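Participant: Dropping a structure here in structure tokens format, bear with me for questions.
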């Protein structure tokens with residue numbers, strides 16, 4: 001873990017950012033993950049728009065860490081001024097509001113594209129909801145969470161239409177009308 005902290009400190013120094021990194025206890029939902037918390041004057045810079053800079057810093061730190069053969073296996077997570085915790089709380093609130101809307105209207109609702117961690121927060125928040133289910137749809141950076149009404153015991157499956165249409169005459173034969 002000290003190697004990860006050293007990498008983070010080097011990255012911060014190279015960026016000219018005034019901040020301090022500390023090793024923190026892991027999140028309750030990921031006990032096998034190590035956490036490094038960053039605090040300081042330039043914390044907003046480190047978070048970036050919707051946490052994008054923070055995600056890139058974490059990726060770079062884990063990439064550099066994986067090149068060290070003496071480093072034990074495991075994921076190291078970065079957080080700045082508890083941004084991830086606050087963002088997760090906001091997403092849980094959003095998930096519950098959307099679930100109420102979907103349960104009341106009976107119509108599915110698709111959220112905006114999100115990172116994998118943010119989609120996971122929505123899925124976890126609604127896992128035990130009695131009236132809705134969730135499913136990720138889309139590909140790549142356009143992947144979204146769809147919140148749908150629960151239909152009995154069977155979970156509805158959505159197959160995304162990727163803009164392709166089946167050519168006429170292919171697929172199931174049409175019954176002849178005589």
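The values are calculated or read from the model by the stated rules, or taken from the named source; none is laboratory data. Fair warning: this is a prediction, and the values are worked out from it, not measured in the lab. When we count neighbours, we look across all protein chains shown, and the Cβ atoms used for this are built from the backbone with ideal geometry, even at glycine.
Participant: Does any residue of the stretch 126-134 turn out to be outside the structural domain of residue 55 (by TED's automatic domain parsing), part of a helix (DSSP H, G or I) and in contact with a helix residue (DSSP H, G or I) (Cβ under 9 Å, 6 or more places away or on another chain)?
Facilitator: We begin by selecting, within the stretch 126-134, every residue outside the structural domain of residue 55 (by TED's automatic domain parsing); these are 126-134.
If we keep only those that are part of a helix (DSSP H, G or I) as well, we get 126.
Now restrict to residues that are in contact with a helix residue (DSSP H, G or I) (Cβ under 9 Å, 6 or more places away or on another chain): 126.
Within the stretch 126-134, one or more residues are outside the structural domain of residue 55 (by TED's automatic domain parsing), part of a helix (DSSP H, G or I) and in contact with a helix residue (DSSP H, G or I) (Cβ under 9 Å, 6 or more places away or on another chain).
Participant: Moving on to the next point. Suppose we filter 123, 129 for residues that are surrounded by 15 or more Cβ atoms within 10 Å (Cβ to Cβ) and within 12 Å of the chain's Cα centre (by Cα); which single one remains? Break it down stepwise before answering.
Facilitator: On the way: 129 fails: within 12 Å of the chain's Cα centre (by Cα).
So the residue among 123, 129 that is surrounded by 15 or more Cβ atoms within 10 Å (Cβ to Cβ) and within 12 Å of the chain's Cα centre (by Cα) is 123.
Participant: Need the failing condition index for residue 39 against (1) touching a helix residue (DSSP H, G or I) at 6+ places or on another chain (Cβ under 8 Å); (2) surrounded by 13 or more Cβ atoms within 10 Å (Cβ to Cβ), just the number.
Facilitator: (1)
Participant: Which one of 118, 112 is at pLDDT 90 or above, under 30 Å from residue 130 (Cα atoms) and in contact with a helix residue (DSSP H, G or I) (Cβ under 8 Å, 6 or more places away or on another chain)? Break it down into steps so the answer makes sense when it comes.
Facilitator: Values: 112 fails: in contact with a helix residue (DSSP H, G or I) (Cβ under 8 Å, 6 or more places away or on another chain).
Answer to the selection: 118.
Participant: Residue check: is residue 116 surrounded by 13 or more Cβ atoms within 10 Å (Cβ to Cβ), assigned by TED's automatic domain parsing to the domain that holds residue 144 and under 27 Å from residue 138 (Cα atoms)?
Facilitator: Values: surrounded by 13 or more Cβ atoms within 10 Å (Cβ to Cβ): no; assigned by TED's automatic domain parsing to the domain that holds residue 144: yes; under 27 Å from residue 138 (Cα atoms): yes.
The answer is no for residue 116.
Participant: Now for a separate question. What's the total number of residues in the stretch 31-69 that are part of a helix (DSSP H, G or I), on the phi > 0 side of the Ramachandran plot and either touching a strand residue (DSSP E or B) at 6+ places or on another chain (Cβ under 6 Å) or modelled with pLDDT of 85 or more (or both)? Full working, then the answer.
Facilitator: Just the residues of the stretch 31-69 that are part of a helix (DSSP H, G or I), to begin with: 43-47, 49-66.
Within this subset, residues satisfying the condition of being on the phi > 0 side of the Ramachandran plot are 50-51.
Okay, now just the ones that are also either touching a strand residue (DSSP E or B) at 6+ places or on another chain (Cβ under 6 Å) or modelled with pLDDT of 85 or more (or both), so 51.
The total comes to 1.
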